[in-house]
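J.: Below are the structure tokens for one structure; questions will follow.
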Amino acid sequence: MRGTGITHTRWADVASEAVTDKIQRRYVNTDRLTIAQFELSCGGVVPRHSHEHEQVTTVLSGALKFVTPDGEVVVREGESVAIAPRVEHRVDVLEDAVVIDVFSPVRQDWVMKTDDYFRKK
């Protein structure tokens with residue numbers, strides 16, 4: 001369907017990237033956003049960070065706890081959370097999970113491989 005304004009993607013055809021030993025990521029970019037599929041193992045942590053991007057996370061299976069300076073929220077299968085730009089947050093993986101994240105604008109830090117907050121201790 002090239003040239004129609006529609007791009008079709010099969011997640012199985014997108015290379016998976018081991019971000020940590022408990023976090024796998026696949027993503028695609030459009031002109032204005034990044035959509036990612038994460039597979040997260042129980043006990044995994046996305047360390048505290050913030051970014052310029054608006055983020056929407058939808059949990060397809062499992063459970064995550066999002067921690068911000070203002071509190072925390074557990075997000076389970078069939079639920080979503082929206083995070084405004086520059087809001088500091090951490091994610092604790094409570095159960096093995098598969099999630100879809102959508103970011104706007106495009107996550108150039110992922111493209112350039114400068115998203116080193118994942119590896120902070």
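The values are calculated or read from the model by the stated rules, or taken from the named source; none is laboratory data. The shown structure was predicted, so the numbers you read here are calculated from the model rather than taken from an experiment. All Cβ positions, glycine included, derive from the backbone under ideal geometry; neighbour counts span all protein chains shown.
J.: Report, by residue number, each residue of region 11-26 that is closer than 23 Å to SER80 by Cβ, part of a loop (DSSP other than H, G, I, E, B) and not hydroxyl-bearing (Ser, Thr, Tyr).
T.: VAL14, LYS22
J.: Of the conditions (1) basic (Lys, Arg); (2) modelled with pLDDT under 95; (3) assigned to a strand (DSSP E or B), LYS113 clears all except one; give me its number.
T.: The single condition LYS113 does not satisfy is (3).
J.: If you don't mind, another one. If the Cβ limit is 7 Å and pairs must be 6+ apart or interchain, which residue in region 64-93 that is touching a residue at least 24 places away in the same chain (Cβ under 8 Å) pairs with which residue that is of a type outside the set (S, T, N, Q) and outside any strand (DSSP E or B)?
T.: Listed by first residue and then by second, the contacts come to PRO85/GLU52; PRO85/HIS53; ARG86/GLU52; GLU88/PRO69; VAL93/LYS22; VAL93/CYS42; VAL93/GLY43; VAL93/GLY44.
J.: Are any residues in region 48-66 among the hydrophobic types (A, V, I, L, M, F, W, C) and under 16 Å from ILE23 (Cβ atoms), and if so, which ones?
T.: Hits for region 48-66 are VAL59, LEU60, ALA63, LEU64, PHE66.
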